[in-house]
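The values are calculated or read from the model by the stated rules, or taken from the named source; none is laboratory data. Every value quoted in this text rests on a predicted model; they were computed, and no experiment measured them. Positions of Cβ are generated from backbone atoms using ideal geometry, with glycine treated the same way; all protein chains shown enter the neighbour counts.
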Amino acid sequence: MGSTMNADGAARRTALRMLRPQRIGTASICASALVLGGGATLVIAVLGVVDPDHPVVRGFSDVVTGSSGLGSAAPAIAAVAAVVAGAALITWAVAPGSRGPVALRTDDPSIVLGLTRRGVARLLTEEALGVDGVSDARVRVGRRRVRIRVSTPLRGDGGPLRERVEASVRERCEGLGVLTPPRVSARVREVGST
């Protein structure tokens, strides 16, 4: 039993690592900013060595020393803008990424399977609609929770219907083999009359 639990843990770690959302957008913006900033600095440095009287070098030197027509506030404004841009990029890089696919359990730790959250939501919506008394259902699949909102034309059946919908969706999640079983919660809205 110990090796089975070890294999399950290894499979779980592998699946969660492989299905983690990538930060391609953040990396692209950071890389572009570094390339552009570094390229501009390189051009100015090379121009400063080759031709110290070049207008670009003189303009840059004037802005840095504060002797340009922009006044002495220009370097401070540029510094503040750079700090704000850097803070925004760091915050964006550290913040949680978009929700990735839902990892599914497999018998082999080297096999990783996942379903999109939209696909899981569709399957669970169909499951909720299959419960007697449900006329409409909307499902939202989060990282650790599944939220279901169902409508029913029946009056006074909210509590038992909610429990049946939650049990049915939980069973469907187990049938799908969701690696991390989500917490399922349902809300019932009574519409129309019978």
Do we find that GLU174 is assigned to a helix (DSSP H, G or I), surrounded by fewer than 19 Cβ atoms within 10 Å (Cβ to Cβ) and among the acidic types (Asp, Glu) in this structure?
yes
Failed criterion for PRO181 (all others in (1) more than 30 Å from ARG13 (Cβ to Cβ); (2) surrounded by fewer than 16 Cβ atoms within 10 Å (Cβ to Cβ); (3) not hydroxyl-bearing (Ser, Thr, Tyr) hold):
(1)
From the list VAL46, VAL64, VAL56, exactly one residue is in a helix (DSSP H, G or I), farther than 25 Å from GLY114 by Cβ and at pLDDT below 70. Which is it?
VAL64
Going by the structure shown, is GLY100 modelled with pLDDT of 75 or more and either of a type in the set (Asp, Glu) or assigned to a strand (DSSP E or B) (or both)?
no
Output the number of residues of region 123-155 satisfying the condition of being more than 16 Å from GLY192 (Cα to Cα), among the aliphatic types (A, V, I, L, M) and assigned to a strand (DSSP E or B).
4
